[in-house]
Amino acid sequence: NFRVNPSVPAGIEAVTRFQSIRRWHMIDTTRAQSVGEHSANVGLLAYYIAKTVPLPCFGRPEDVLAGAMLHDIAEVFMGDIPTHTKKCLGWVDVLEESLVPPVFKRCVTEDVELLIKICDLADGIRFIEHFGVSQAAIRAMDGLRDLLDAKFKEVQGRWPRDVFDSAFET
């Protein structure tokens, strides 16, 4: 149980802790990024794309925003675990599922999940590009770029070509 004050409901405690969970703890950076900051970046980017895409590919932009804001909520309960570590630990998804309170459960379509992942990778690349300072940061950024390229290939032909064009027009 991570709650400091037992009179504060767990959901409220989780929301306020979002800003305290540090990302990139294994990479030297010139400043820290919290899971809350990252989730806001991912949420707003996904919302912007969902709102500006010419065709309604992703449903209501507000639902996309909510799904993106909650994409890393499990990290409030278990800390930031690097993606490559999660892949080696097959049971992490089950643990995450058991720790997240029902109010924070996400229900998004496969296309929205892909959009969120693309925005997640884009935010990671941007952060490391601006604030990473080591060879490990360079390798991490290269790995993120490879993953982003793979996600773009995954949606090629599935989404209209102009899905991302509209995000870069302004």
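A simple charge model with +1 on the Cβ of Lys and Arg, -1 on the Cβ of Asp and Glu and nothing else charged puts the dipole of region 25-166 at about 140 debye relative to its Cα centre. Average accessible surface for region 26-139: 52 Å² per residue, computed with a 1.4 Å probe over protein heavy atoms with every protein chain in place.
The HN-Hα couplings worked out from phi for region 79-88 by the Karplus form 6.51 cos²θ - 1.76 cosθ + 1.60 (θ = phi - 60°) are x, 7, 10, x, 3, 5, 6, 4, 5, 6 Hz, whole numbers, x standing for Gly and Pro. Of the residues Val163, Leu70, Gln135, the one whose Cα sits farthest toward the positive end of the charge dipole of the chain, with +1 on the Cβ of Lys and Arg and -1 on the Cβ of Asp and Glu, is Gln135. Here is the result for region 6-79: no chymotrypsin sites (Phe, Trp or Tyr not before Pro) lie in DSSP coil with at most 15 other C-beta atoms within 10 angstrom of their C-beta.
Using the Karplus relation 6.51 cos²θ - 1.76 cosθ + 1.60 with θ = phi - 60°, the per-residue 3J(HN,Hα) values for region 115-130 come to 4, 4, 5, 4, 5, 4, 5, 4, 5, x, 4, 4, 5, 5, 4, 7 Hz, with x marking Gly and Pro. Taking a straight Cα-Cα cut-off under 18 Å and skipping sequence neighbours fewer than 8 places away in the same chain, the lysines within cross-link reach of Lys153 are Lys117.
In whole percent, and with a 1.4 Å probe on the protein chains, what portion of the accessible area of the chain is carbon and sulfur? After summing per-atom areas, the C and S share lands at 58 percent.
The values are calculated or read from the model by the stated rules, or taken from the named source; none is laboratory data. Remember, predicted model here, so these are calculated numbers, not experimental data. So basically every Cβ, Gly included, is an ideal-geometry build from the backbone, and we count neighbours across all protein chains shown. For the accessible areas, the whole protein counts, side chains as well, though only heavy atoms, and no ligand, DNA or RNA atoms are used. Shrake-Rupley method; radii C 1.70, N 1.55, O 1.52, S 1.80 Å.
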